[in-house]
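What follows draws every value from the coordinates through simple rules; no lab data is involved. Only a predicted model underlies this, so the values are computations on that prediction, with no experimental measurement involved. Heads up, the Cβs are rebuilt from the backbone with ideal geometry, glycines too, and the neighbour counts pull from every protein chain shown.
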Amino acid sequence: MKYNKIVKAKFIDRPNRFIAHVELDGQVETVHVKNTGRCKELLLPGVDVVLEDCDNPARKTRYDLVAVKKKEIGWINIDSQAPNKVVQEWLESQDYTYVKPEYKYGDSRIDFYAEKGEEKFLIEVKGCTLEVDGVGYFPDAPTERGVKHLRELAEAVKKGYSCIVAFVIQMNGIREVRPNIATHKEFGEAWREAEDAGVQFLFLACDIREDGFSIT
């Protein structure tokens with residue numbers, strides 16, 4: 001997964017979850033933030049950020065904020081659309097015989113349906129951008145949608161599906177993700193219930209670069 005054209009800037013502030021102000025070439029620029037999560041521990045005044053130049057005159061904002069630099073960790077990709085892109089690339093390089101994104105199952109759209117011989121998979125993708133003491137945590141804000149997906153996958157196991165929650169770790173050097181119980185206790189409970197039901201939790205370590213990243 002690679003961005004076409006990137007530039008570096010300095011983060012100033014974030015008036016709301018959709019936009020931020022950055023300093024670019026000595027000017028204040030309003031940019032779109034490609035992550036509606038809080039990211040409060042990352043988006044601090046003065047930190048280095050990476051912008052993708054979308055070069056679309058029809059847009060109100062020319063740039064998307066896609067990555068931020070954190071001391072001790074380096075670049076952290078916060079583009080919430082990127083995990084699904086890299087997982088699709090990764091799945092297509094594995095030995096699955098069929099891969100379909102955005103699969104309707106029950107009342108939800110599961111990120112991927114895949115087949116390998118007679119085995120049928122439901123795969124839900126989550127991007128992890130929160131790190132504490134060398135460990136990844138999810139979510140960084142309460143997610144009722146995430147709880148719903150875990151419970152649906154737990155039920156799908158009973159119907160014969162192989163179910164996977166794939167955490168894309170959007171930073172270098174982190175290889176484990178734990179439920180962020182302090183932020184959303186119910187998600188932690190749903191995680192444990194899903195694990196007990198046979199849902200697999202897959203931690204996908206990544207090589208994060210300024211201009212994109214890939215699953216390692």
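Annotations for the structure displayed:
- Region 89-215 - percent relative contact order, Cα under 8 Å, separation 6 or more: 22
- Euclidean distance of C-alpha centroids, region 180-198 and region 25-70, integer Å: 32
- Kirkwood Rh, angstrom, region 6-76 [1 / mean 1/r, Cα pairs]: 12.1
- For region 1-90, GluC sites (Glu not before Pro) meeting the loop criterion (DSSP other than H, G, I, E, B) and having at most 11 other Cβ atoms within 10 Å: E72.
- Helix axis angle, 144-158 relative to the chain longest principal axis, alpha carbon, degrees: 30
- Restriction of the GluC sites (Glu not before Pro) in region 113-166 to DSSP coil positions whose beta-carbon has at most 14 other beta-carbons within 10 angstrom yields E118.
- Percent RCO, i.e. relative contact order, over region 6-76, from Cα pairs under 8 Å lying at least 6 residues apart: 30
- Computed over the Cα atoms of region 22-136, pair by distinct pair, the Kirkwood hydrodynamic radius stands at 16.7 angstrom.
- Length-normalised contact order of the chain in % [C-alpha pairs under 8 Å, at least 6 apart]: 17
- Per-residue ³J(HN,Hα) for region 25-34, Karplus 6.51 cos²θ - 1.76 cosθ + 1.60, θ = phi - 60°, Hz, x for Gly and Pro: 6, x, 10, 7, 10, 8, 10, 7, 9, 7
- Here the Karplus relation 6.51 cos²θ - 1.76 cosθ + 1.60, evaluated at θ = phi - 60°, turns the backbone of region 116-123 into coupling constants of 9, x, 8, 7, 10, 10, 10, 10 Hz, with x for every Gly and Pro.
- Cα centroid separation - region 1-16 against region 105-135, whole Å: 27
- Backbone amide hydrogens, once placed in the peptide plane, bring C128 within less than 5 Å of V168, I169, Q170, excluding anything fewer than 5 places away on its chain.
- Of F213, F11, the sequence from fewest to most neighbouring Cβ atoms within 10 angstrom is F11, F213.
- Ordering T143, G212, Q94 by the projection of their Cα atoms onto the charge dipole of region 82-215, which places +1 on the Cβ of Lys and Arg and -1 on the Cβ of Asp and Glu, puts T143 at the extreme positive end.
- Least to most buried among T97, T129 (fewest other Cβ within 10 Å first): T97, T129
- Helix axis angle, 185-197 relative to the chain longest principal axis, alpha carbon, degrees: 40
- Computed from backbone phi, the HN-Hα couplings of region 78-87 come to 10, 6, 6, 8, 5, x, 5, 5, 6, 5 Hz, rounded to whole numbers (Karplus: 6.51 cos²θ - 1.76 cosθ + 1.60, θ = phi - 60°; Gly and Pro given as x).
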